[in-house]
1. How large is Rg/Rh for chain A, to two decimals, with Cα atoms and a Kirkwood Rh?
2. To check you understand DSSP bridge types, tell me what percent of the beta bridges within the stretch A:2-180 (both residues inside) are antiparallel, rounded to 5.
3. Per residue of B:71-83, how many C-beta atoms from partner chains lie within 10 Å of its own C-beta, taken as a mean?
4. Take peptides A:244-250, B:147-153 and line them up by average Cβ neighbours within 10 Å, highest first, as a rough protection proxy.
5. Please enumerate, by chain and number, the lysines with C-alpha under 18 Å from the C-alpha of B:Lys428, excluding those fewer than 8 residues away in the same chain.
6. Taking 7 Å along the Cα-to-C-beta vector as the label spot, tell me the B:Tyr349-B:Glu399 distance in nanometres, rounded to one decimal.
7. Across the residues of B:417-425, average count of Cβ atoms on other protein chains within 10 Å?
8. Sorted by mean Cβ packing within 10 Å, highest first, what order do the peptides B:325-332, B:359-366 take?
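Computed from the coordinates by the stated procedures, all read-outs in this text should not be read as laboratory data. Because the structure is predicted, anything quoted here is derived from the model rather than measured. Note: ideal-geometry Cβ built from the backbone for every residue, glycine included; neighbour counts use all protein chains shown.
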Amino acid sequence: MQLTYLEAIRQGIWEEMDRDPSVFCLGEDIGIYGGAFKVTDGFIDRFGPERVIDTPIAESAIVGAAFGASLTGMRPVAEFQFMDFIGCAFNQISNMVAKTHYLWGAPAPLVLRGPSGGYVHGGPFHSQNPEMWFVHNPGVKVICPATPYDAKGLIKSAIRDNNPCIFFEHKYLYRRIKGEVPAEDYVVPIGKANLAREGRDLSIVTYAAMVHTALEAADILSKEGIDLEILDLRTVSPLDREAITQTVKKTNKVIILHEHSRTGGLAGEIAAIINEEAFDDLDGPIVRIAGLDSAIPFSPPQEHHYLPKTEDVVREARRLRAY
Amino acid sequence: MGNKKQKSKANTNGSRSRNGSHARVGAGALARPVERTSKEIHSTTSGVRTYSIPDYRLEHPDFTVRQRVEKDKQGTEHVRYEVEGDLDAPVPPIRDSKYLDKKQCIEIYRWMLLNRKMEVALENLYKQGKVVGGVYFGLGQEACSCASAYALDKDDWFAPMIRNQGSLLVRGFRASDTMMQYMAKADSPTKGRDGTSHFGDIEKRNMVSPISMLGDLIPVLSGVALGARLQGRNLAVMTYIGDGGQSTGVTYEGINFAAVQNLGLVLFVESNLWAYSTPSEMQYRCKDLAERAIGYGIPGVIVDGTDACQVYDAARDAVERAHRGEGPTMIEAKMMRMKGHAIHDAASYVPKPMFDFWKKRDPIARFENYLVKEKKWLTPKENEELIKEVEEIIEAEREIAVNSPMPTPESAEGGVYCEDGCHEIKPKYGMPKVKKGTGGYKETEAAVHLK
């Protein structure tokens with residue numbers, strides 16, 4: 001069936017709650033209101049207020065409570081109204097949740113999820129892509145799906161995973177894209193990238209909304225005889241090193257594309273992996289396309305300038321092709 | 001709207017606060033929102049509300065610590081703390097427990113002895129160069145650590161803070177566990193990966209590992225109670241926070257979450273007067289931290305943290321409230337940290353008369369006097385034998401700890417994630433019994449926000 005990205009996530013959580021009584025949801029305004037983006041719309045009527053809990057506006061308490069419940073063998077799914085607010089719970093995630101299994105051997109099967117990303121004029125506190133804050137926290141898994149199929153399969157995997165998973169939903173994609181989603185139960189493995197487009201000339205390594213930007217660029221460039229390969233990482237921690245290496249070995253040229261700020265961004269880490277695994281295979285410089293090193297501005301022309309665009313990918317691909 | 005608290009200093013009859021929330025709890029019960037009305041609130045004709053904070057202490061030390069400029073012999077100015085108040089007050093008696101019998105009192109006394117003697121052993125290990133890093137002490141706070149943990153039932157959960165090493169012993173950890181943590185040994189509960197009381201056990205002893213950041217355990221323990229309640233159990237979840245740690249924002253978030261969700265949090269606020277080098281006067285403005293319970297809409301009580309019977313009774317009342325599903329309780333235990341923040345800190349900033357005052361209120365000496373001289377539940381000979389037995393245990397535990405090897409360098413690796421079947425995860429108290437509404441799955445309408 002054809003589902004929107006949002007509906008796929010919603011269905012995934014619904015099915016997991018239906019299947020497993022140890023799954024429950026907590027977060028701000030997720031109950032009767034159904035969540036700021038309606039991801040949990042109707043859940044409270046179906047699963048009851050015991051399992052769909054409206055919390056105070058207290059992100060550290062939400063994460064702390066989810067973690068505590070997970071220690072008793074529950075599988076909480078905590079919503080951040082916007083992922084920008086995950087900063088309010090940073091200590092709880094970084095120092096409590098992420099370190100637990102390594103330090104004292106307690107598994108913490110919880111999911112922290114919510115909308116992230118720009119292109120909707122949300123301004124500096126409702127548009128961020130804070131996934132890198134957590135890529136640098138060993139012990140949590142960081143998931144950033146690009147399609148309805150992956151979103152549903154990965155939210156199910158995250159709920160079933162025995163580790164803390166942070167699930168970044170791209171709010172630009174919520175209702176803009178539709179895709180085929182099977183009716184039967186399935187999961188998408190965490191930590192495995194997907195070849196979103198096969199090509200021979202150069203590779204774009206990217207994830208989330210940028211996959212669609214890269215696909216648009218590929219359509220434009222194909223008319224010029226430039227054949228892009230697009231690797232959708234799907235999970236940014238742990239990274240699929242093998243898939244990154246393979247695509248570079250195949251095309252010998254690579255652009256890394258992400259929404260968040262360039263400095264200290266994921267592209268630096270991927271470039272280092274390529275350096276370690278496929279240095280001899282490179283026929284040109286590793287190119288980064290990323291957000292500016294600033295906060296993400298509010299006004300549409302400014303936001304447009306800040307964020308990566310299809311034309312950026314087209315321009316950089318033409319430049320890299322010439323090597 | 002004006003409001004006024006009425007702290008009844010004269011309230012020594014042990015009458016307890018009864019919060020008026022009557023939420024049904026347990027699996028399937030709709031426990032939210034918790035009723036706001038409370039029998040504790042009295043409105044007078046003038047419209048002024050009064051609240052009560054039961055105070056079980058038999059004395060009410062009233063000091064003020066402030067900063068003062070002093071000149072040394074050379075005339076150079078230095079800022080120092082000075083204390084003001086009645087520092088010569090006589091030591092009050094131990095309050096007879098409403099619940100504890102002779103055997104239980106002796107057991108708590110024994111845990112307190114183990115607590116202290118373990119810390120003396122740790123100090124010696126430090127002086128022998130066997131400890132990695134520092135040592136933290138709960139000197140003067142043993143009654144609070146041991147009698148509080150003693151009030152928990154087996155299935156209840158707890159999480160200690162750094163000065164509650166006695167709680168660990170009461171809950172079934174061995175002294176050698178803590179000693180090996182301090183020595184960073186391979187056989188320590190964290191296999192060398194963390195020190196001090198930073199370890200836990202979700203299988204048998206129901207302990208959440210503390211982290212160094214203060215207040216974060218409060219929402220976590222609340223979440224433990226939430227998880228258990230979804231599985232049909234009203235458990236008590238006990239943790240601690242200091243007069244320093246309670247300044248953190250997450251403390252507020254955690255208590256408030258437990259309050260609105262009516263979870264069985266038993267929070268000991270250990271008012272030990274000094275947060276590292278900062279006196280409580282510079283942490284908060286209210287008279288007693290228990291008053292903050294009023295703002296959370298939960299019961300708050302004050303006990304003498306050096307009186308094991310008072311600590312136990314308040315803890316037990318709170319634990320039973322939690323078991324009945326009546327929600328959280330805040331217990332402020334008044335005492336003093338009788339050493340520096342850690343072993344490196346001589347606490348020279350503390351005015352000496354404060355140490356002298358609280359030394360006379362040493363929780364172990366007072367309880368010993370109560371058991372041996374007042375109650376005559378222990379003969380002097382039995383007491384000597386008990387002390388000797390505890391010392392022998394600690395010596396044996398010390399031997400075990402010292403003889404554990406250091407971990408291999410490579411053991412730093414692995415275990416970051418739970419994988420390859422290292423844990424089987426299932427609800428600890430049984431799969432929640434869920435009922436489902438008639439509402440089926442329907443696609444949601446278009447969002448209204450940030451399209």
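1. Value, to two decimals: 0.97.
2. Antiparallel: roughly 15 percent of the beta bridges in the stretch A:2-180.
3. 0
4. Final packing ranking: B:147-153, A:244-250.
5. Counting by Cα, and skipping residues close in sequence, B:Lys428 has these lysines nearby: B:Lys154, B:Lys204.
6. That separation, rounded to one decimal, is 4.3 nm.
7. Mean partner shielding for this stretch: 6.
8. Packing proxy ranking, top to bottom: B:325-332, B:359-366.
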